[in-house]
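As structure tokens, the structure follows; a few thoughts come after it.
The values are calculated or read from the model by the stated rules, or taken from the named source; none is laboratory data. Computed from a predicted structure; not experimentally measured. Here the Cβ positions follow ideal geometry from the backbone for every residue, glycine too, while neighbour counts run over all protein chains shown. Accessible surface areas use protein heavy atoms only, side chains included; no ligands, DNA or RNA. Shrake-Rupley method; radii C 1.70, N 1.55, O 1.52, S 1.80 Å.
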Amino acid sequence: QVQLVESGGGLVQAGGSLRLSCVASGKIFSINAMGWSRQAPGNNRELVAGITRGDIINYTDSVKGRFTISRDNTVNTVYLQMNSLRPEDTAVYYCNVLDSLGRRYWGQGTQVTVSS
């Protein structure tokens, strides 16, 4: 069993900040990459940011310069610092982990709501 527990979501005004955290636990075989995706009502889930074990990072264009992903390999945790939030960032944010065997795990999601 693998568990991903997200925290840090909530309601914030436009221009504000939130920091999401995700802790992975259980029988995980060597985490390769960690990341965050989001899904707004009526939309497909989209990748927001990802980071590999070697700290190669990618962002979707809409969050570049505003969001920062980081990870702490010692505690199997990935973070997403979100600044200058916009109403269009409103979504359920999901943490995901890819292990070295190619298996991907997902968290239960945390709601982020940005009011205008």
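Does the stretch 98-106 include one or more residues that are within 15 Å of the chain's Cα centre (by Cα), within 16 Å of G9 (Cβ to Cβ), open to solvent by 20 Å² or more (accessible area, probe 1.4 Å) and touching a residue at least 60 places away in the same chain (Cβ under 8 Å)? Before you say what the answer is, go through the steps one by one.
The first filter runs over the stretch 98-106 and keeps only residues within 15 Å of the chain's Cα centre (by Cα), leaving 98, 104-106.
Applying the additional criterion that residues be within 16 Å of G9 (Cβ to Cβ) yields 106.
Okay, now just the ones that are also open to solvent by 20 Å² or more (accessible area, probe 1.4 Å), so 106.
The next check asks that each one be touching a residue at least 60 places away in the same chain (Cβ under 8 Å); those that pass are 106.
Yes, some residue in the stretch 98-106 is within 15 Å of the chain's Cα centre (by Cα), within 16 Å of G9 (Cβ to Cβ), open to solvent by 20 Å² or more (accessible area, probe 1.4 Å) and touching a residue at least 60 places away in the same chain (Cβ under 8 Å).
Filtering the stretch 78-115 down to residues that are modelled with pLDDT of 95 or more and of a type in the set (S, T, Y), which residue is nearest to S7 (Cα to Cα)?
The selected residue is T110.
Against the definition (modelled with pLDDT of 95 or more and either open to solvent by 50 Å² or more (accessible area, probe 1.4 Å) or among the hydrophobic types (A, V, I, L, M, F, W, C) (or both)), how does V48 come out, yes or no? Lay out the reasoning, then the answer.
Working: modelled with pLDDT of 95 or more: yes; either open to solvent by 50 Å² or more (accessible area, probe 1.4 Å) or among the hydrophobic types (A, V, I, L, M, F, W, C) (or both): yes.
Here the answer is yes, as V48 does meet what is asked.
For the stretch 59-79, how many residues meet the condition of being closer than 25 Å to G15 by Cβ and either open to solvent by less than 70 Å² (accessible area, probe 1.4 Å) or assigned to a strand (DSSP E or B) (or both)?
First, pick out the residues of the stretch 59-79 that are closer than 25 Å to G15 by Cβ: 59-70, 78-79.
Now narrow it down to the ones that are either open to solvent by less than 70 Å² (accessible area, probe 1.4 Å) or assigned to a strand (DSSP E or B) (or both): 59-60, 62-63, 66-70, 78-79.
Residues meeting the conditions: 11.
Which members of the stretch 31-48 meet the condition of being in contact with a Gly (Cβ under 8 Å, 6 or more places away or on another chain) and either within 20 Å of G15 (Cβ to Cβ) or β-branched (V, I, T) (or both)?
V48
Limited to the stretch 80-110, what total is found for residues that are polar (S, T, N, Q) and part of a strand (DSSP E or B)? Talk me through it step by step, then tell me what you get.
Within the stretch 80-110, the first condition is being polar (S, T, N, Q), and the residues that meet it are 81, 83-84, 90, 96, 100, 108, 110.
Now drop any that are not part of a strand (DSSP E or B), which leaves 81, 96, 110.
Result for the stretch 80-110: 3.
For the stretch 80-97, what are the residues that are crowded, with 17+ Cβ neighbours inside 10 Å and of a type outside the set (F, W, Y)? Lay out the reasoning, then the answer.
Step one: of the stretch 80-97, the residues crowded, with 17+ Cβ neighbours inside 10 Å are 80, 82, 85, 89-97.
Across the stretch 80-97, the qualifying residues are L80, M82, L85, D89, T90, A91, V92, C95, N96, V97.
Is there a residue being of a type in the set (V, I, T), surrounded by fewer than 19 Cβ atoms within 10 Å (Cβ to Cβ), at pLDDT below 95 and closer than 14 Å to N96 by Cβ anywhere in the stretch 10-26? Steps first, answer last, please.
In the first step, residues of the stretch 10-26 are kept if they are of a type in the set (V, I, T); the result is 12, 23.
Cutting the leftovers down to surrounded by fewer than 19 Cβ atoms within 10 Å (Cβ to Cβ) gives us 12, 23.
Filter once more, keeping what is at pLDDT below 95: none.
Taking every residue of the stretch 10-26 in turn, none turns out to be of a type in the set (V, I, T), surrounded by fewer than 19 Cβ atoms within 10 Å (Cβ to Cβ), at pLDDT below 95 and closer than 14 Å to N96 by Cβ.
Just need a number here: residues in the stretch 5-26 that are assigned to a strand (DSSP E or B) and under 17 Å from L80 (Cα atoms).
Here is the first cut: in the stretch 5-26, the ones assigned to a strand (DSSP E or B) are 5-7, 10-13, 18-26.
Keeping just the survivors that are under 17 Å from L80 (Cα atoms) gives 5-7, 10-12, 18-24.
Number satisfying all stated conditions: 13.
Considering the stretch 29-41 alone, what residues qualify as being buried (at least 16 other Cβ atoms within 10 Å of the Cβ), touching an Asp or Glu at 6+ places or on another chain (Cβ under 8 Å) and closer than 18 Å to G54 by Cα?
I31, N32
Got a number for residues in the stretch 27-46 being assigned to a strand (DSSP E or B) and under 17 Å from R103 (Cα atoms)? Outline the logic, then answer.
The first filter runs over the stretch 27-46 and keeps only residues assigned to a strand (DSSP E or B), leaving 31-39, 46.
This time we only want the ones that are under 17 Å from R103 (Cα atoms), so: 31-37.
Looking only at that region, the number is 7.
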